[in-house]
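Working notes for the structure below.
The values are calculated or read from the model by the stated rules, or taken from the named source; none is laboratory data. Keep in mind that this is a model prediction, so the values were computed, not measured. Heads up, the Cβs are rebuilt from the backbone with ideal geometry, glycines too, and the neighbour counts pull from every protein chain shown.
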Amino acid sequence: MRVVVTGGAGFLGSHLCQRLLENGSEVLCLDNFVTGSADNVAHLMAHPGFRLVHCDVTNFVHVPGKVDLVLHFASPASPVDYLKLPIDTLKVGAVGTWHALGLAKEKGARLVLASTSEVYGDPQVHPQPEDYWGHVNPIGPRGVYDEGKRYGEALVTAYRTSEGVDAGIVRIFNTYGPRMRPYDGRAIPTFIRQALLNQPLTVAGDGSQTRSVCYVDDLVTGVVAFAESGHPGPVNIGNPQEMSVLRIAEDVLAATRSDSEIKLVDLPTDDPKVRRPDTTLARRLLGWEPVVPWEQGLAHTVEWFRGVELEAG
């Protein structure tokens, strides 16, 4: 197969590129490096089946030759990024998705949109099944990401129903692992960075809000299985093991053997109080469920962060 991965030099995209190459696919990685980095795929550059192209998918997407699969993963994905880049975030969710769908239509390829659990907003249904429509504030600070992804889902559906494009949607829940940026603002890399620098771990609110975190290897396995399934989705891909943010911080302290203290800070606007995927559909449809235990995934992630220059950023 020949696969195009938009946002392929980002955290998730780079792991996807690696897995696809391991599975025998040829991979064309597109990225504009606004939040991604060529360093994330440097270890793939010598692979004969890999090619990295600097490309902003909101401007155009032109790929010569055949394409079998388009994985549209381009988007700022952390609060730090989409609060700083609100228009870029909306454009990649709308125009970028449109261009990716156009490529899939032109090539007769399957497209998979990387949507997000944030389409559920601050949910009033828990855990969140795929048929829940969500509780999103469209004019809040997080709306640029939440609504960009919701629009992308609508566009994918329109292309599937009216243009006959083989397009599907995966809703990705909180994911962690190597190659996360230490300063991207998400809880796990922030806590690990702070712990390794012996700084206070900044827990929002009282830390009782929950997250369900999935190790990146498990997430990639789920995405690849969905891509191969031909199913339209949406399908939740995430770990249903729910933990409080305070517990995550405490586990990071234990994993890093840090003496840092925990400091409570103000809760961000529209911060979801709970987050947990209903993965019944993924288990039934794909035979998929996460297998990497939290303690093991966290240990791998901490080990990787120990090799990163944490003072810069």
Exercise. Determine which single condition residue 58 fails, assuming it passes every other condition in (1) in contact with a Phe, Trp or Tyr (Cβ under 8 Å, 6 or more places away or on another chain); (2) in a loop (DSSP other than H, G, I, E, B); (3) more than 24 Å from residue 187 (Cα to Cα).
Key: (1)
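If you take the residues in segment 260-269 that are assigned to a loop (DSSP other than H, G, I, E, B) and modelled with pLDDT of 95 or more, which one is surrounded by the most Cβ atoms within 10 Å (Cβ to Cβ)?
Pass one, segment 260-269, residues assigned to a loop (DSSP other than H, G, I, E, B): 260-261, 266-269.
From the residues that got through so far, the ones that are modelled with pLDDT of 95 or more too are 260-261.
On the way: 260: 18, 261: 11.
By that ranking, first place goes to 260.
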Quiz item: Any idea which residue in segment 161-190 is surrounded by the most Cβ atoms within 10 Å (Cβ to Cβ), counting only those that are out of contact with any Asp or Glu (no Cβ under 9 Å at 6 or more places or on another chain) and among the hydrophobic types (A, V, I, L, M, F, W, C)?
Solution: 167
Quiz item: What's the number of the condition residue 308 fails, among (1) free of Cβ contacts under 8 Å to residues at least 60 places away in the same chain; (2) surrounded by 14 or more Cβ atoms within 10 Å (Cβ to Cβ); (3) farther than 22 Å from residue 146 by Cα?
Solution: (1)
Quiz prompt | Given (1) without any contact (Cβ under 8 Å) to a residue 40 or more places away in the chain; (2) over 21 Å from residue 73 (Cβ atoms); (3) assigned to a helix (DSSP H, G or I), index of the condition residue 249 fails | solution = (1)
Quiz item: So which pairs qualify, if the first residue must be in segment 163-192 and free of Cβ contacts under 8 Å to residues at least 60 places away in the same chain, the second must be of a type in the set (Asp, Glu) and surrounded by fewer than 22 Cβ atoms within 10 Å (Cβ to Cβ), the Cβ gap must be under 9 Å, and the two must be at least 6 apart or on different chains?
Solution: 190/184
Self-check item: Subset tally (residues that are in the same structural domain as residue 132 (by TED's automatic domain parsing), under 23 Å from residue 236 (Cβ atoms) and among the acidic types (Asp, Glu)) for segment 162-213
Solution: 1
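When you look at residue 271, is it more than 21 Å from residue 133 (Cβ to Cβ) and not aliphatic (A, V, I, L, M), yes or no? It would help to see each step written out before you state the result.
On the way: more than 21 Å from residue 133 (Cβ to Cβ): no; not aliphatic (A, V, I, L, M): yes.
So residue 271 fails the test.
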Quiz item: Which of the following residues is within 24 Å of residue 183 (Cα to Cα), of a type outside the set (Lys, Arg) and surrounded by fewer than 16 Cβ atoms within 10 Å (Cβ to Cβ): 88, 39?
Solution: 39
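Pick from 104, 94: which is among the aliphatic types (A, V, I, L, M), surrounded by fewer than 22 Cβ atoms within 10 Å (Cβ to Cβ) and either more than 19 Å from the chain's Cα centre (by Cα) or not in a loop (DSSP other than H, G, I, E, B) (or both)? Walk me through how you get there before you give the answer.
Values: 104 fails: surrounded by fewer than 22 Cβ atoms within 10 Å (Cβ to Cβ).
Among 104, 94, only 94 is among the aliphatic types (A, V, I, L, M), surrounded by fewer than 22 Cβ atoms within 10 Å (Cβ to Cβ) and either more than 19 Å from the chain's Cα centre (by Cα) or not in a loop (DSSP other than H, G, I, E, B) (or both).
From 15, 99, grab the single residue that is under 19 Å from the mean Cα position of the chain (by Cα), touching a residue at least 40 places away in the same chain (Cβ under 8 Å) and at negative phi. Step through it out loud before you land on a result.
Values: 99 fails: under 19 Å from the mean Cα position of the chain (by Cα).
Answer to the selection: 15.
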